[in-house]
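The values are calculated or read from the model by the stated rules, or taken from the named source; none is laboratory data. For clarity, every value in this text was computed on a predicted model and none was experimentally measured. Here Cβ is always computed from backbone atoms with ideal geometry, including for glycine, and neighbour counts include all displayed protein chains.
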Amino acid sequence: MKGLRQTEVLVIGGGPAGLSASLEAASLGCQVTLVDSDLALGGQLIKQTHKFFGSKDERAGTRGFKISEILLEELDGYKDRVKVHMNCTATGFYREDGVVSCVIGEDEYFRIKPGKIVMATGAQERLLPFPNNHLPGVYGAGAVQTLMNVYGVAPGKRVLMVGAGNIGLIVSYQLMQAGVEIAGIVEAMDRVGGYWVHAAKVRRMGVPIYLRHTIKEALGDRVIAGAMIQEIDDKFQPVGKEIQVDADIICMAVGLTPTCELLWQAGCEMVFVPQLCGHVAQRDLFMRTSHPDIWVAGDAAGIEEASAAMVEGRIAGVGVARSLGKGDSSEHSKRLEEYRRRLADLRGGEVGQKICQGLECCTVNEWGV
Amino acid sequence: MNEKEKLFNSGVLVETRKGAVEPPVDLWQNKKNGLVIIECPQRIPCNPCHTSCPTGAVKPFRDINDQPEIDYEKCTGCARCVAVCPGLACFVVDLTWGDEDTALMKLPYEMLPVPEEGKSVDCLNRVGEPISRGKVVKVLEPMHDRTMVVHVEVPRSKVMEIRTIRVVR
Ligand SMILES: Cc1cc2nc3c(=O)[nH]c(=O)nc-3n(C[C@H](O)[C@H](O)[C@H](O)COP(=O)(O)OP(=O)(O)OC[C@H]3O[C@@H](n4cnc5c(N)ncnc54)[C@H](O)[C@@H]3O)c2cc1C
Ligand code: SF4
Ligand code: SF4
């Protein structure tokens, strides 16, 4: 077939999961091709200016973008084995011959036939419907972060944040660092969903968090001028008085859902797991999906954290190397044991419990292959 | 959900609890350089306060999700944990500072502008209300990573309320 490229391993997505998978596979001797639709590698990490949690192994206390720099430095050591295409989107997986189509920029197209694939495509933002949400000034948290931390542009002057998960809390904090005022954070549940310490950080700077509240409608004529928020009851029905909040930006941080189109295309067995925030591929303990040549890692396998995404990526990297017969089996076992221990540690807390429940619904011991 | 629970659930400490305790007063009163106060009451996968503490005052974690526990005898008030904690949940309070009405707080700070030594700042409580003025004594960047540790002289009676500062323009 004309113009068909080959690679032992194709990693789709160059966030923490994909970078780690590439590094691990390369370190065991695989030839890797890494594609990412963005203009820079690092995925979500390049937008994270705050210090991460975790242990030393996952570089706790280091700012997110620094972690990305560390991974890229490590990648530099494998130049001979890892070929990187940026601004390159994997657009389709063809089941009949296992070929993946990719587009670089808008007009350069190529097809590639990988031996094995790691899908590390990350996540997509969820949005919330409410009246007037079409007005300019309504953003997803990802866009706000990109504007602010990648391009250095303040999105507005006064922001109403919707959602008090880690993303809502952290983006609020980052906005304040950029000199933007936070009018308040609205949260439907009766407690913040993110880490308590992240909430404490913004509370002590005077930001109100409206628990059990939702946004009723956005206000404004041609652009956002504010919003009406209202308390809700156990059944999420509006009760109590409405509060008008002035703001020129409404930022939605109401959750992410795994990016899994390519997994569907490949016919991987998928399950809906609420704890992992959407449809995810069934996987075994090596992160292999029901498709014998496809592995999954990071947020694409279930919404979690960069720390876990990196370890999952490592596991998938060992998985593909093992199935390609690269590296020796005692080395595989040693690494896997270490990575599984780290994952178990990371998932031992309150938030981790939920993840573990979710994983029980989509993990098999090993596919019979 | 009562008011107290509501406050706590939104990130405001309302009483001491596991992972957020007060230092023992007897030891604290005479401890030059101060003792640490950590307010980290939730089980989260995080442990730099322990791994970075040079004296072992933050006890070893059995599980990385444990809340920090402190051996106050060992704490030297060095404020390294203040500089590394990603949750900005560590503070040092030196009650021996100045006269009997003042104390020194070593607080984490990541906002701009960076406070200036000698200047007066607003001291904010856990919900961001300005409750007194303080004087910036020293501004350090111990880990060279943009997290400042600001030493502020504050009224001694307010050390269990003040948790951050605001630069007055
Ligand atoms: C505001 C915020 C704060 C966070 N804070 C923390 C924190 O403190 N600690 C922590 O551990 N985690 C944190 N996270 C979570 C962390 O960023 C993610 O869990 C992590 O980045 C997931 O890694 P990933 O590699 O799976 O996906 P991503 O980082 O999302 O990377 C996926 C990559 O795949 C690329 N891609 C997708 N589809 C394709 C395709 N078809 N073709 C080519 N490329 C494609 C994308 O361009 C992207 O670069 C935070 C997230 C946010 C948004
Ligand atoms: S102040 Fe210093 S000695 Fe005390 S707990 Fe923090 S790091 Fe340890
Ligand atoms: S480093 Fe900070 S956030 Fe992490 S466990 Fe210690 S006190 Fe809590």
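Which ones in segment A:137-180 are in a strand (DSSP E or B), over 19 Å from residue B:110 (Cβ atoms) and not small (Gly, Ala, Ser)? Break it down into steps so the answer makes sense when it comes.
Keep residues of segment A:137-180 that are in a strand (DSSP E or B), which gives A:138-140, A:158-162.
Filter once more, so that each one left must be over 19 Å from residue B:110 (Cβ atoms): A:138-140, A:158, A:160, A:162.
Scanning segment A:137-180 gives A:138, A:139, A:158, A:160, A:162.
Just to be sure I understand, how many residues within segment A:158-197 are among the charged types (D, E, K, R) and either more than 28 Å from residue A:238 (Cβ to Cβ) or within 11 Å of chain B (Cβ to nearest Cβ) (or both)?
Just the residues of segment A:158-197 that are among the charged types (D, E, K, R), to begin with: A:158, A:181, A:187, A:190-191.
If we keep only those that are either more than 28 Å from residue A:238 (Cβ to Cβ) or within 11 Å of chain B (Cβ to nearest Cβ) (or both) as well, we get A:187, A:190-191.
Total satisfying the criteria: 3.
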field: Residue count, segment A:259-300 (criterion: under 26 Å from residue A:64 (Cβ atoms) and either modelled with pLDDT under 95 or of a type in the set (Val, Ile, Thr) (or both))
entry: 4
- line: When (1) within 23 Å of residue A:44 (Cα to Cα); (2) buried (at least 24 other Cβ atoms within 10 Å of the Cβ) are applied to residue A:320, the one that fails is (1)
- request: Looking only at segment A:344-352, decide whether some residue is touching an Asp or Glu at 6+ places or on another chain (Cβ under 6 Å) and either buried (at least 21 other Cβ atoms within 10 Å of the Cβ) or without any contact (Cβ under 8 Å) to a residue 60 or more places away in the chain (or both).
  value: yes
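Can you pull out the residues in segment A:14-37 that are more than 26 Å from residue A:331 (Cα to Cα) and in contact with a Gly (Cβ under 7 Å, 6 or more places away or on another chain)? Explain how you work it out, then say what you get.
Pass one, segment A:14-37, residues more than 26 Å from residue A:331 (Cα to Cα): A:35-37.
Correct list: A:36 only.
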query: With respect to the numbered conditions (1) within 22 Å of residue B:11 (Cβ to Cβ); (2) not assigned by TED's automatic domain parsing to the domain that holds residue A:147, which one is the sole condition not fulfilled by residue A:261?
result: (1)
- request: Please identify the pairs in which a residue from segment B:60-76 that is within 16 Å of ligand 1 (Cβ to nearest atom) has its Cβ atom under 6 Å from the Cβ atom of a residue that is outside any loop (DSSP other than H, G, I, E, B), counting only partners at least 6 apart or on another chain.
  value: B:64/A:345
- prompt: Among the listed residues B:15, B:69, B:5, B:73, which satisfies the condition of being within 15 Å of ligand 3 (Cβ to nearest atom) and acidic (Asp, Glu)?
  reply: B:69
Condition check for residue A:354: among the basic types (Lys, Arg) and modelled with pLDDT of 95 or more: no
field: Any hit, segment A:113-123, residues being touching a residue at least 12 places away in the same chain (Cβ under 8 Å), touching a Cys at 6+ places or on another chain (Cβ under 7 Å) and within 27 Å of residue A:266 (Cα to Cα)
entry: no
- prompt: Can you pull out the residues in segment B:55-75 that are at pLDDT 95 or above, touching a Gly at 6+ places or on another chain (Cβ under 9 Å) and either of a type in the set (Val, Ile, Thr) or not in a loop (DSSP other than H, G, I, E, B) (or both)?
  reply: B:74
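Might you check whether a residue that is of a type in the set (Gly, Ala, Ser) and either within 11 Å of chain B (Cβ to nearest Cβ) or in contact with a Phe, Trp or Tyr (Cβ under 9 Å, 6 or more places away or on another chain) (or both) occurs anywhere in segment A:10-17? If you could, list the steps in order and put the result at the bottom.
Quick first cut of segment A:10-17, residues of a type in the set (Gly, Ala, Ser) only: A:13-15, A:17.
Those still in the list that are either within 11 Å of chain B (Cβ to nearest Cβ) or in contact with a Phe, Trp or Tyr (Cβ under 9 Å, 6 or more places away or on another chain) (or both) too: none.
No, segment A:10-17 contains no residue that is of a type in the set (Gly, Ala, Ser) and either within 11 Å of chain B (Cβ to nearest Cβ) or in contact with a Phe, Trp or Tyr (Cβ under 9 Å, 6 or more places away or on another chain) (or both).
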message: Looking only at residues that are away from ligand 1 (no atom under 16 Å from the Cβ) and under 24 Å from residue B:146 (Cα atoms) in segment B:33-48, which one is nearest to the other protein chains (Cβ to nearest Cβ)?
response: B:39
- request: May I ask you to say which residue of A:303, A:315 is assigned to a loop (DSSP other than H, G, I, E, B), at pLDDT 95 or above and buried (at least 21 other Cβ atoms within 10 Å of the Cβ)?
  value: A:303
query: For segment B:5-54, what are the residues that are assigned to a loop (DSSP other than H, G, I, E, B), within 16 Å of ligand 2 (Cβ to nearest atom), within 20 Å of residue A:52 (Cβ to Cβ) and not acidic (Asp, Glu)?
result: B:19, B:40, B:47, B:53
- request: Would you please name the residue that is surrounded by the fewest Cβ atoms within 10 Å (Cβ to Cβ), looking only at residues in segment B:125-161 that are within 17 Å of residue B:96 (Cβ to Cβ) and of a type in the set (Val, Ile, Thr)?
  value: B:137
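Could you please let me know if residue B:86 is within 14 Å of chain A (Cβ to nearest Cβ), within 16 Å of ligand 3 (Cβ to nearest atom) and not aliphatic (A, V, I, L, M)?
Criteria met by residue B:86.
So that you can scan it fast, the table gives a plain yes or no per residue for (1) assigned to a loop (DSSP other than H, G, I, E, B); (2) near ligand 1 (Cβ under 8 Å from one of its atoms); (3) away from chain B (no Cβ under 14 Å):
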{"residue": "A:7", "(1), (2), (3)": "no, no, yes"}
{"residue": "A:33", "(1), (2), (3)": "no, no, yes"}
{"residue": "A:46", "(1), (2), (3)": "no, no, yes"}
{"residue": "A:49", "(1), (2), (3)": "yes, no, no"}
{"residue": "A:66", "(1), (2), (3)": "no, no, no"}
{"residue": "A:92", "(1), (2), (3)": "no, no, yes"}
{"residue": "A:106", "(1), (2), (3)": "yes, no, yes"}
message: Considering only segment A:167-182, I want to know if a residue exists there that is closer than 21 Å to residue B:86 by Cα and of a type in the set (Ser, Thr, Tyr).
response: yes
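Would you tally the residues in segment A:77-98 being in contact with an Asp or Glu (Cβ under 6 Å, 6 or more places away or on another chain) and acidic (Asp, Glu)?
So the count comes out to 0.
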query: Out of all the residues in segment A:126-144, is one or more more than 17 Å from the chain's Cα centre (by Cα), more than 16 Å from ligand 3 (Cβ to nearest atom) and among the basic types (Lys, Arg)?
result: no
query: Residues of segment A:206-239 being over 28 Å from the mean Cα position of the chain (by Cα) and closer than 30 Å to residue B:161 by Cβ, which ones?
result: A:206, A:229, A:231
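Among the residues of segment B:49-72, what is the count of those that are within 13 Å of chain A (Cβ to nearest Cβ) and either of a type in the set (D, E, K, R) or at positive phi (or both)? Give the steps one after another, and end with the answer.
Just the residues of segment B:49-72 that are within 13 Å of chain A (Cβ to nearest Cβ), to begin with: B:49-53, B:60-68.
With the extra rule that they be either of a type in the set (D, E, K, R) or at positive phi (or both), the set shrinks to B:62-63, B:66.
Counting residues in segment B:49-72 that are within 13 Å of chain A (Cβ to nearest Cβ) and either of a type in the set (D, E, K, R) or at positive phi (or both) gives 3.
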